[in-house]
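Shown next, in structure tokens, is the structure this report addresses.
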Amino acid sequence: MHAPPNWEEHSSSVPIPLPNVVSSKSKPATIIHHLTSLTDPTAECLFPYYTPPWSCQHPWGNRLCKTIPNPQMTQRECMEYIRSLKNRINGFHQDSTTLLIFTDGSRRRASGHRRTGAGYTAFLEGHEVRTGSWGLGRHAGIYDAEMFALAGSAGAAARILTQCPHIKHLIFLSDNQAAISSITDTTAHPAQGASILFRRHMDSLLSTLNPFDIELIWIPGHKGILGNERADSIAKAAVNHQPIFASTISWAREKAKSRALKAWHTEWASRSHTNLAATALTNPPSTKLSPFHRFFNGTRATHSRVIQTLLSHFFCGEYYARFVPTEPVSCLCGKPQQTHAHILTECPVYEAYR
């Protein structure tokens, strides 16, 4: 198994060209050769990293903490959070014992393709003392960039602290909540190499006898926070750097989902929809639930019945006539044909429910 890459230095990678797709009638050896060729040796991989089940996140207690606000904040609460956060940052700039590190990732079009870059900037007493950046190439996403920016900046922080032993507080500020949440998790997940590297740097720093604490803070992007804007510009300039990986796991997952969704859209558009499902499903397929289903507060039983009713796939005579002809199709009220519309609008048996 390969060791985690060194994010602190640029590394070259040359994608291997893929062969023509082999047919299902090819010899087993040919198929195996084709399958192995689909994995680039310089692509991101997961690493076995053994930690006790009770310390999957980190073993340092409140010496390493995370500040992530409630995602359901109202606009007023969000504005208040930003205001208090800016006041905290201004206070940190006046403190000679606090090192601030702003990290960011960027994905934008460059040289005819969408490319990804990561960067960071470190501030001490209001002055920028160090910056760094990495290119992740075409086959990486924003999440990858945010994770690698945190991992690489952690190594830079360790070097700064050897030169400035008076620093007692190390604060990372990122505008990606998912990256902050998973950066200390060493279990198998996309960008796990970045988590392992970050965790090792934090373990090294916090294992010293000197009193020291670390905080990871979520900050909103593009809200006039100087360090965040500076890190964003560094990440944007890094998109043309030589990429660390040929591809990342999260990018591969995103690409597979995108292809499946595109094929789903194509098939949906090519079919004629004349049944009730076409009336209920007015929008093309999506990987996100509609607001009604995301925020439904009723019971699971009620929710499932609502969906069945919308699609007309529930236990009624109209459904039995099409799919289960052995079942009776009459209504409890005596009508020979029990239909979807009859139950919802006129059947006296269901009047109380209406």
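The values are calculated or read from the model by the stated rules, or taken from the named source; none is laboratory data. Owing to the predicted nature of the structure, the values given are computational and were not obtained by experimental measurement. With ideal geometry, Cβ positions are generated from the backbone for all residues, glycine too; neighbour counts draw on all protein chains shown.
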For the subset of region 273-312 comprising residues that are farther than 26 Å from Gln338 by Cα and more than 27 Å from the chain's Cα centre (by Cα), which member is modelled with the lowest pLDDT?
Gly298
Taking the stated definitions as given, is Thr299 closer than 30 Å to Gln72 by Cβ and crowded, with 16+ Cβ neighbours inside 10 Å?
no
Filter region 203-232 for residues that are part of a helix (DSSP H, G or I) and under 14 Å from Ser174 (Cα atoms); the one that is farthest from the chain's Cα centre (by Cα) is Leu226
Which condition number in (1) more than 15 Å from the chain's Cα centre (by Cα); (2) within 20 Å of Leu206 (Cα to Cα); (3) buried (at least 19 other Cβ atoms within 10 Å of the Cβ) is the one that Ile180 fails?
(1)
Please count how many residues of region 65-78 are more than 14 Å from Leu173 (Cα to Cα) and surrounded by 13 or more Cβ atoms within 10 Å (Cβ to Cβ).
1
Among the residues of region 231-249, is any farther than 17 Å from Glu146 by Cβ, of a type in the set (Gly, Ala, Ser) and surrounded by fewer than 16 Cβ atoms within 10 Å (Cβ to Cβ)?
no
Return yes or no: is Tyr319 under 43 Å from the mean Cα position of the chain (by Cα), under 23 Å from Ala301 (Cα atoms) and of a type outside the set (Gly, Ala, Ser)?
yes
Here the residues within region 324-349 that are in a helix (DSSP H, G or I) and closer than 28 Å to Ser290 by Cα are His340, Ala341, His342, Ile343, Leu344, Thr345
